[in-house]
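Chemist: Would you mind keeping the following structure in view while I ask a few things?
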Amino acid sequence: MKAEMAEQVSSFPAKYGRVPHLVVILVGDDLGSQTYVRNKAKACDVVGIKNTTIRMPAETPQAALLAKIAELNADPEVDGILVQLPLPRQISEPKVIEAIAQEKDVDGFHPLNTAAMWQKRPNSSYTIPCTPKGIIKLLDEAKVPIEGKKAVVIGRSQIVGLPVSKLLLDRNATVTICHSRTKDLAEITRQADILVVAIGRPKFVTGDMVKEGVAVIDVGMDKDPDTGKLCGDVDFASVEPKASAITPVPGGVGPMTIACLMENTIERFLVKMGAE
Ligand code: NAP
């Protein structure tokens, strides 16, 4: 995807006079967030997207962050704005998400983008969140059939579980959404042709919870309690032998999410340039 996008972006200066510009705002010094922001900047460099990282101290007042967002909203040379979450306590995340102009919200978290997705508006009018979008791309790339299949999603967060459930439904899967109060979870997961796990519990889904031939998408980014290393929500060792396809952690949904962020930035740029 990155190579294809790099080729596409290399044609933009001749066509549009410039390349897309993504601005990432990082408030505070959370270690995980710093890594994510660095990886996003690296991906921009590979694809040829101009990127600016604005670093603000952890004690930044909400008004100062909102003022910075207003400035970027008004800047015609900025195509995408992403505020890295989580934010320090004194700042309201919903307020910040709503402050970003809908057409520059490359994360797809703005309520108008969420509403457009649930109403199934034409694609060019809104942004689909990066992780759910990437999950569908991974399934398509691995040629996993979706239509008519039983898809089980564990997790109902606004950023992964809920939107990926809607995208699977749009592709005509029969979708079951599970969460922390779900009874007999393993009974339900054993029926899944497609299993998406986004809960934040290391190695939670084990081989006895899935059927032969299942396609598994592991969204989790957890710390392995035994090794201290990064691991997923799925116990890869026991699930992989039964799966027809499975994403690893690290190396699966994470990099795909970043590739989709690049794609969302290019899409917003092209809409602005009237290319669609
Ligand atoms: P979240 O907002 O914390 O939501 C977790 C969801 O899992 C909730 O709906 C919760 O149910 C459910 N859950 C928790 N424990 C459960 C259990 N024992 N059984 C069944 N359901 C359970 O999490 P998130 O933001 O969606 O993130 C989930 C994981 O994905 C995390 O590890 C996160 O780091 C990772 N992530 C990765 C990427 C990426 O790019 N790779 C992107 C986003 C997130 P309730 O609603 O009932 O509380």
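The values are calculated or read from the model by the stated rules, or taken from the named source; none is laboratory data. The structure presented is a predicted model; accordingly, all values stated were derived computationally and were not measured. Methodologically, a virtual Cβ is constructed for each residue, glycine included, from the backbone with ideal geometry; neighbour enumeration extends over all protein chains shown. In case anyone asks, the SASA skips ligands and DNA or RNA and just uses the protein heavy atoms, side chains included. Shrake-Rupley method; radii C 1.70, N 1.55, O 1.52, S 1.80 Å.
Chemist: Restricted to segment 97-140, and to residues that are touching a residue at least 60 places away in the same chain (Cβ under 8 Å) and of a type in the set (V, I, T), which residue is surrounded by the fewest Cβ atoms within 10 Å (Cβ to Cβ)?
Modeler: By that ranking, first place goes to I128.
Chemist: While we're on this one: Would you please name the residue that is farthest from A186 (Cα to Cα), looking only at residues in segment 218-276 that are in a helix (DSSP H, G or I) and of a type in the set (D, E)?
Modeler: Selected residue: E267.
Chemist: Let me ask something else. Considering only residues that are of a type outside the set (V, I, T) and either open to solvent by less than 70 Å² (accessible area, probe 1.4 Å) or not assigned by TED's automatic domain parsing to the domain that holds L82 (or both), which ones fall in segment 1-27?
Modeler: M5, A6, S11, F12, P13, Y16, G17, R18, P20, H21, L22, L26
Chemist: Given the residues V214, V164, which is the only one that is buried (at least 21 other Cβ atoms within 10 Å of the Cβ) and within 14 Å of the ligand (Cβ to nearest atom)?
Modeler: It is V164.
Chemist: When segment 75-90 is examined, which residues are found to be over 21 Å from L261 (Cα atoms) and either crowded, with 22+ Cβ neighbours inside 10 Å or without any contact (Cβ under 8 Å) to a residue 60 or more places away in the chain (or both)?
Modeler: R89, Q90, listed by residue number.
Chemist: Return a yes/no flag: does segment 161-170 have any residue that is in a loop (DSSP other than H, G, I, E, B) and either modelled with pLDDT of 95 or more or assigned by TED's automatic domain parsing to the domain that holds L31 (or both).
Modeler: Checked against the condition, which is being in a loop (DSSP other than H, G, I, E, B) and either modelled with pLDDT of 95 or more or assigned by TED's automatic domain parsing to the domain that holds L31 (or both), segment 161-170 yields no hits at all.
Chemist: Please verify whether V175 is at pLDDT 95 or above and within 14 Å of the ligand (Cβ to nearest atom), treating the condition exactly as stated.
Modeler: Taking the combined requirement at face value, the residue does not satisfy it.
Chemist: Let me ask another. Within segment 238-250, is even one residue among the small types (G, A, S) and crowded, with 16+ Cβ neighbours inside 10 Å?
Modeler: Yes, segment 238-250 has at least one match.
Chemist: Does V152 satisfy the criteria of being in contact with a Ser or Thr (Cβ under 8 Å, 6 or more places away or on another chain), open to solvent by less than 10 Å² (accessible area, probe 1.4 Å) and either within 12 Å of the ligand (Cβ to nearest atom) or not in a helix (DSSP H, G or I) (or both)?
Modeler: Considered against the rule, which asks whether it is in contact with a Ser or Thr (Cβ under 8 Å, 6 or more places away or on another chain), open to solvent by less than 10 Å² (accessible area, probe 1.4 Å) and either within 12 Å of the ligand (Cβ to nearest atom) or not in a helix (DSSP H, G or I) (or both), V152 comes out as yes.
Chemist: Now a separate question. If a residue counts only when it is touching a Leu at 6+ places or on another chain (Cβ under 7 Å), which helices (runs of 4 or more DSSP H) contained entirely in segment 1-115 have at least 2 such residues?
Modeler: Filter on segment 1-115 gives 31-47, 93-99.
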